[in-house]
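Read through the structure below, which is laid out as structure tokens, and then see the notes.
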Amino acid sequence: METVTITMKNPPALYLEADNVSPDTFAGKTAAQIGDLSVHEGNTTSTLGKYFEISGNAGASAADTKIVIKGDVKKVKYLGFKMSAGEVAVEGSTDQYAGAWMTGGKMQVKGNVDAFAGIAMKGGELSIEGNAGNYLGAAYRGDWRGMSGGRILVKGDAGSDIGMYMTGGEMIINGNVDVHVCTHAEGGKVIIKGNAKTKVGGQMVDGTIFVFGTIDVMMPGFKPAGEVEMEVDGVKGKFAHYIGDTGERHKKKKGQVVYANLYKKI
Amino acid sequence: MATINVNLISGRSIQQGVAIEGGKEKPAYRTAAGIIELDPSDLKKLGAWKNTNVKVTSDFGSVIVKATETSQGPHPGLGFIPMGPWANAIIDPNTYSTGMPTFKGVPVKVEVAINEPILLGIELVQKLCGVK
Amino acid sequence: MTKTITDVICPFCGTLCDDVEVVVSDDGKQLLEVYNACVIGTEKFLHSQSKDRVTRPRLHQPDGSWKEISYDEAAEYTAQMLANAKKPLMFGWSSTNCEAQSVGNEIAEITRACCDNTAATCHGTSLIAIQDIGLPSCTLGEIKNRADRVIFWGCNPAHAHPRHMSRYSIFPRGFFTSKGQMSRKMIVVDPRVTDTAKMADVHLQVEQGKDYELLNALRVAFKGEWLPDVVAGIPKEKIREAADMMKSGRFGIIFFGMGVTQSLGKNHNIDEAIAVTKDLNEYTKFSIMPMRGHYNVTGSGEVFAWQFGFPYAVDLTRGFARYNPGDTSTIDLLIRGEVDAMFTIGSDPGAHFPISAVKQFAHLPSVCIDPHLTPTSGVSKLHVPVAFNGVETGGNCYRMDNVPIDCRKVVEPPEGMLTDEQFLIKVRDRVRQLKGAA
Amino acid sequence: MSEYIIKNGHVFDPVQGVKGDKADVSIKDGKIVDKVGSGAKVIDAKGKTVMAGAVEIHAHIAGPKVNMGRIYRPEDKLFTCTPTRGMERMGGGNSIPTTFKTGYEYAKMGYTTAMEAAMPPLFSRHVHEEIRDTPIIDEAAFPVFGNNWFVLEYLKDHEIENTAAYIAWLLRVTKGYAVKVVNPGGTEAWAWGLNCLSVNDPVPYFDITPAEIVKGLIEANEYLGLPHSLHIHPNNLGNPGCYETTLDTLKLAEGIKARNKFGREQVMHLTHSQFHSYGGTNWGDFESKAKEITDYVNKNKNITIDTGNVTLDETTTMTADGPFEHHLTGLNHLKWANIDVELETGSGVVPYIYSPNISVCAIQWAIGLEIALLSKDPMRCYITTDHPNAGPFTRYPRVIKWLMSTKAREAQINAFKHKDKVLSQTGLGTMDREISLYEIAQMTRAGPAKSLGLSGMCGGLKPGMDADVAVYDFNPDKPVVNPDDIEKAFSRCAHVFKSGVEVVTNGEIVNNGHKRTLWVNVKVKENPQVMRDINEKFLKYYSITQANYEALGHHFVPNPYTVEVDATQVQV
């Protein structure tokens, strides 16, 4: 796997939209060619080379291209945009749309990410050491087809509206989450090891949420359905089981109404 | 002096509507929107007569307004400052990435501040922004 | 002698009353009396006659004083500011007519700016919800003629839309509602006992910030499922009773306002309210309508939509439109420091934005186009007063139910003052030269 | 205005009966002329196809429900917008394009005139603002009448003269062009959550049946002698077995003759007939009844139809048929918008995905093509996609490819997951007719123009007509090797002229032209009773005053083209 390292040398006055920084667009290019890729600051267009020091050539295909991003990229958006293979490693924190519309490959962010990380993800793995922003792994505005595959791992906390319109894939949040988890979800699995606030699982049609910590206010649409002994992500324990959202429409499978499941660790 | 904690909301009132059309540089705007409407029970807890100046503080700022008895109550535990520079000096700017600040539902502390003046609308914003 | 102009449109709130009558002097220069408008509308018409109006553009000097300049110089300053900015923000548009908005859109497209209207701090979250789940709605006349269940959720029309209840929703005697108020059940959901709530048959005093839970409980009640004892401060019996009252109507309408759009949950509150309306359409006929604030914010949304494809928060920096509230919406752009020039027209962000956003644009190059003195003009570099839209100049505007009504000019503006459309055309032509656009 | 001569092109012009032989087309001062001076600019059309500018008879391209579709579908524009470039404003939207993109896309495909299919009269200013912002193509809008309270009350007692007076007033006030009827009676029933599923279901309270509404409006339309006939979207659209309701509706036109001075011969235009030709009782035994519908239309000369072809895309359905859209959101659970309009009409918007893997969508695709292939007279069967309901109008080249090439049709049929269902439930598999270029010119130019009463102005290349000309890079003499070449050629014109001005060169916009808004100004006898009814309804039931309803300033219709109709001396 060939490695391309880009290091921030000329921080932007406003915010930088680096939607060409992904294994797919780097594949088959030399360091010089990568430097000529376009990048946008506001309504001005310039080249990646103007903002980043670029060393190493990309692999022949996206799959064997690894990108290491060093320096202060807290004001850089769209890193790992639409990547389908290969690896992206961000040493620090980055801004919005990290790994947005990802279909494959591995992206790792050592610091924090802002909103809309892993939006409409179809595959691959996005792991964030620090905290994630709002709308993690959610759907784009107006789209009823949200995250449909892949995995998102967050060591720290996550924001609000994670997993909105989720239809598949998996999300594991070690820390706490803000309001609205898996609103409108029709599938997928979300494990929250910290605490959740309110409005968890509103309008859910299908899918599963595990909350190890507390939930401040339960949604009235989630009906208690007993307790169950389970092992979740290597953690054994007793969970209070809720099914819902009973206010929403639900499909029938072999005569049985299919509900979304919410498990809260006791 | 006693301080109370209330949940602050902001919004329109007909007096605020007339005042913004009458000219925001005029004192009528301060009379209409430089106020916090509190429930009589909260005023009693605060130990303050009606129409005394109070300092309202949130995690995002503080402002001097006149405490009045609500005409839209009872709403114990809920404070109302009409939308305007006074309310927006202390409401929660967090948009939760929806673009909309949290104008309603901001926990605030209210304490009596009899001698502090309530600034005019434009004057308040210019002072907070450091613009003459 | 005087002239009375009838069928005048009041340019203040989304109710867009169009039965106002204005008495003007014969030469059409003086506005004397206003009839049929509410107290706010009357104030807006009369304030156009106040003697201390600013009538010429003026530049803010470092010592706080203002230097008067000509409209041409102001257009030059504005054009240079917009043309040189890397990411200019053009905010407002809600208190101006659709023609001026179209010219503004041309400027935004040539200078590759971000443009947004006051939906950003008003019904922006409603638009996000509409994009997620749709909007079963109708025009206000359908409510006047048919509605027998009227719900005001998180809005206080007695204060914000004073004539709404008498013109459309509660009191009028429509085709099928000949007994007026007596043929309608009124429900108000508000954490305060507002003047509107005092008139209601049922007042659900919901806990502030828990509208989402209460709406969800209503949907559960429609399906007769299990409910916890108390939801958002309302006992479950009262919730089931309210649910049955809604189901038993023959034509229901939910009006919602800032109570749900600005509280915690934001767009999801409206999303769930629309889901409640959709569910009720399985049992009877129900519609839902946002109580739009400014008289032409709906118009701004419509013009943005048919020209760029999105109703607000439009980012044109790439030469085409991109949209994602939270990234391209005004408050986030300002607080995160993403823009380097601020252009405001037909609104007052200085007074109605959180102060942390106002602080950001107070130090940027900024232009404020507004006939009044406002906190925005107070912190702007250039203040360009223009004629009162809807009083001193006409133009198309859209009511809260998207019905277009043509505003009317009733009185002459002060000598030598331009309308906002005329000023924007000057700016557009200058920007075209600067950017060499065709 | 400069002069042009388009030399040596293969001209297809049904108005003059020219079937593809080499001929020159001369343009001077915005009109087609016999010959031009030597100074005329020469356009070399050697080996190319030359036709008149196409006429779109039915598309939802401007108005409140179209804009609601734009507002509530941001995902329809994600990653697919085109930037501002030279003369072109930015464009966005696949199923619902922004207004600028609509004008440019139509012009690039050689369309020069388009009809907005449904205008709610209360929103006419909004429709005209959007028409004004749609560059290049001439446009007109059809106000909807089928659920209008005035029409329901007058036609209950069969007062044709009053109905005609009201139609004349409304066309003038809203700058409308023709009488459009959508789900007559059904949308008024939908105001109470109900519907009229057959032509004999009475409308709640008004106690009039859809049959009476349709028959009355046909008579009123012929009483006035309007340029276009009644334009109808019958009841019970889109349900299996709806072809019977369609036949009942078509029978209402029997025995009525067209009465007008515009050369129109039909009294009823059945629109998007694909959606109305469904048999079977449920989505399981859903089958095509294109044969039954086209047999009836072929026999009855006073009817014209348009196809409403499904193009197998993800699109957005929007129609004034409120109850159908509620039924549709019940099927696919996607976001549903609905706008009921006081005293007049309603509308609904729901996204829909015509997936090739679903048998129903594949059968719908086949039905649309069957209708065109079974129609004997191409002058009475026009190509539309009921944009955007069955698919975006930008798919016309693909529909033309399917119609002109059996090979293309077979390739698509074989690609279907449920190929067997398409062959068993429809007759498309047995059809080998290939529509010719001349017939395409009839179905997209001369036919619609004649049906709309515009045959003197557009849809042909006869001297004296407007110089709307489209030149396609397609050599009819060369045999078609790959059907996709047809689609490619019809997607982007080599040259397009609008009113004598060259607006498109090599598929690029070079001029924004000076578009017109067509509307019909009907003079009728004084009718104080209708005027009194109108004043009373505005006083008591409308939510805006009559003066503001009628106000239509110049800035809405900057360049009107008025079709004058005199209906004052009419003997009933």
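Quick grid of which residues meet (1) under 24 Å from C:D201 (Cβ atoms); (2) facing another protein chain (nearest Cβ under 9 Å); (3) at pLDDT 95 or above:
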{"site": "C:E237", "(1), (2), (3)": "yes, no, yes"}
{"site": "C:G252", "(1), (2), (3)": "yes, no, yes"}
{"site": "C:G265", "(1), (2), (3)": "no, yes, no"}
{"site": "C:T284", "(1), (2), (3)": "yes, yes, yes"}
{"site": "C:M289", "(1), (2), (3)": "yes, no, yes"}
{"site": "C:T298", "(1), (2), (3)": "no, no, yes"}
{"site": "C:D315", "(1), (2), (3)": "no, no, yes"}
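Please list, ordered by residue number, the helices (runs of 4 or more DSSP H) wholly in segment C:220-302 having 2 or more residues that are more than 29 Å from B:G99 (Cα to Cα), basic (K, R) and out of contact with any Asp or Glu (no Cβ under 7 Å at 6 or more places or on another chain). Let's see the steps before the verdict.
On the way: elements: C:236-247, C:258-261, C:267-280.
Fully inside segment C:220-302 and qualifying: C:236-247.
Quick one: D:D377 ticks every box in (1) surrounded by fewer than 23 Cβ atoms within 10 Å (Cβ to Cβ); (2) touching a strand residue (DSSP E or B) at 6+ places or on another chain (Cβ under 8 Å); (3) among the acidic types (D, E) except a single one, so which number is it?
(2)
Give the residue, chosen from D:G103, D:G30, that is away from chain C (no Cβ under 14 Å) and in contact (Cβ under 8 Å) with a residue 24 or more places away in the chain. Can you show your working first?
Working: D:G103 fails: away from chain C (no Cβ under 14 Å).
Going through D:G103, D:G30 in turn, just one is away from chain C (no Cβ under 14 Å) and in contact (Cβ under 8 Å) with a residue 24 or more places away in the chain: D:G30.
In segment D:532-569, which residue that is facing chain C (nearest Cβ under 8 Å) and within 26 Å of the chain's Cα centre (by Cα) is nearest to D:R132 (Cα to Cα)?
Only one residue fits best here, namely D:F556.
Here is a list of conditions, (1) surrounded by 23 or more Cβ atoms within 10 Å (Cβ to Cβ); (2) among the hydrophobic types (A, V, I, L, M, F, W, C); (3) out of contact with any Pro (no Cβ under 7 Å at 6 or more places or on another chain), and D:I213 meets all of them except one; can you say which number that is?
All conditions are met except number (3).
Is at least one residue of segment A:76-89 closer than 28 Å to C:V339 by Cα and either over 20 Å from the mean Cα position of the chain (by Cα) or away from every other protein chain (no Cβ under 14 Å) (or both)?
Kept after step one, since they are closer than 28 Å to C:V339 by Cα, are these residues of segment A:76-89: A:76-82.
Cutting the leftovers down to either over 20 Å from the mean Cα position of the chain (by Cα) or away from every other protein chain (no Cβ under 14 Å) (or both) gives us A:79-80.
Yes, that holds for at least one residue.
Which one is farthest from A:L14 (Cα to Cα) among residues in segment C:103-144 that are of a type in the set (G, A, S) and facing chain D (nearest Cβ under 7 Å)?
C:G141
Restricting attention to segment B:1-28, report how many residues are assigned to a helix (DSSP H, G or I) and within 9 Å of chain C (Cβ to nearest Cβ).
9
Would you mind stating whether C:A217 is closer than 30 Å to A:H180 by Cα, of a type in the set (G, A, S) and either within 14 Å of chain A (Cβ to nearest Cβ) or surrounded by fewer than 24 Cβ atoms within 10 Å (Cβ to Cβ) (or both)?
On the way: closer than 30 Å to A:H180 by Cα: yes; of a type in the set (G, A, S): yes; either within 14 Å of chain A (Cβ to nearest Cβ) or surrounded by fewer than 24 Cβ atoms within 10 Å (Cβ to Cβ) (or both): yes.
The answer is yes for C:A217.
For segment C:317-330, which positions are among the aromatic types (F, W, Y) and either more than 12 Å from chain B (Cβ to nearest Cβ) or free of Cβ contacts under 8 Å to residues at least 12 places away in the same chain (or both)?
C:F320
Checking D:L247 against (1) away from chain C (no Cβ under 14 Å); (2) more than 22 Å from D:E287 (Cα to Cα), which single condition isn't satisfied?
Going through (1) away from chain C (no Cβ under 14 Å); (2) more than 22 Å from D:E287 (Cα to Cα) one by one, D:L247 breaks only (2).
So that you can scan it fast, the table gives a plain yes or no per residue for (1) among the aromatic types (F, W, Y); (2) crowded, with 24+ Cβ neighbours inside 10 Å; (3) assigned to a helix (DSSP H, G or I); (4) not assigned by TED's automatic domain parsing to the domain that holds D:S95:
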{"position": "D:M318", "(1), (2), (3), (4)": "no, yes, no, no"}
{"position": "D:I339", "(1), (2), (3), (4)": "no, yes, no, no"}
{"position": "D:N357", "(1), (2), (3), (4)": "no, no, no, no"}
{"position": "D:A366", "(1), (2), (3), (4)": "no, yes, yes, no"}
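Scan segment A:95-111 for residues that are in a loop (DSSP other than H, G, I, E, B) and either away from chain B (no Cβ under 14 Å) or not polar (S, T, N, Q) (or both) and jot them down.
To start, the set of residues in segment A:95-111 that are in a loop (DSSP other than H, G, I, E, B) comprises A:95-105, A:110-111.
Scanning segment A:95-111 gives A:D95, A:Y97, A:A98, A:G99, A:A100, A:W101, A:M102, A:T103, A:G104, A:G105, A:K110, A:G111.
Taking C:T55 as the residue in question, decide whether it is part of a loop (DSSP other than H, G, I, E, B) and either modelled with pLDDT of 95 or more or within 16 Å of C:L382 (Cβ to Cβ) (or both).
Values: part of a loop (DSSP other than H, G, I, E, B): yes; either modelled with pLDDT of 95 or more or within 16 Å of C:L382 (Cβ to Cβ) (or both): yes.
Spelling it out, C:T55 is indeed part of a loop (DSSP other than H, G, I, E, B) and either modelled with pLDDT of 95 or more or within 16 Å of C:L382 (Cβ to Cβ) (or both).
Taking the residues in segment C:331-344 that are within 28 Å of D:G92 (Cα to Cα) and within 7 Å of another protein chain (Cβ to nearest Cβ) as candidates, determine which candidate is surrounded by the most Cβ atoms within 10 Å (Cβ to Cβ).
Ranking the candidates gives C:I331 first.
For segment D:525-550, what are the residues that are under 22 Å from C:R163 (Cβ atoms) and free of Cβ contacts under 8 Å to residues at least 24 places away in the same chain?
Taking segment D:525-550 as the starting set, the residues that turn out to be under 22 Å from C:R163 (Cβ atoms) are D:537-549.
Matches in segment D:525-550: D:F538, D:L539, D:K540, D:T545, D:Q546, D:A547, D:N548.
Determine, yes or no, whether C:S183 is closer than 19 Å to C:M400 by Cβ, of a type outside the set (A, V, I, L, M, F, W, C) and without any contact (Cβ under 8 Å) to a residue 60 or more places away in the chain.
Values: closer than 19 Å to C:M400 by Cβ: no; of a type outside the set (A, V, I, L, M, F, W, C): yes; without any contact (Cβ under 8 Å) to a residue 60 or more places away in the chain: yes.
Criteria not met by C:S183.
So that you can scan it fast, the table gives a plain yes or no per residue for (1) of a type in the set (V, I, T); (2) buried (at least 22 other Cβ atoms within 10 Å of the Cβ); (3) more than 21 Å from A:G188 (Cα to Cα):
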residue	(1), (2), (3)
A:K74	no, no, yes
A:G86	no, yes, yes
A:A100	no, yes, no
A:T103	yes, no, no
A:M107	no, yes, no
A:K110	no, no, yes
A:A115	no, yes, no
A:G118	no, yes, no
A:G123	no, no, no
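The values are calculated or read from the model by the stated rules, or taken from the named source; none is laboratory data. It should be emphasised that the depicted structure is a prediction, and the values quoted were computed from it without experimental measurement. Every residue, glycine among them, receives a Cβ derived from its backbone with ideal geometry; neighbour counts consider all protein chains shown.
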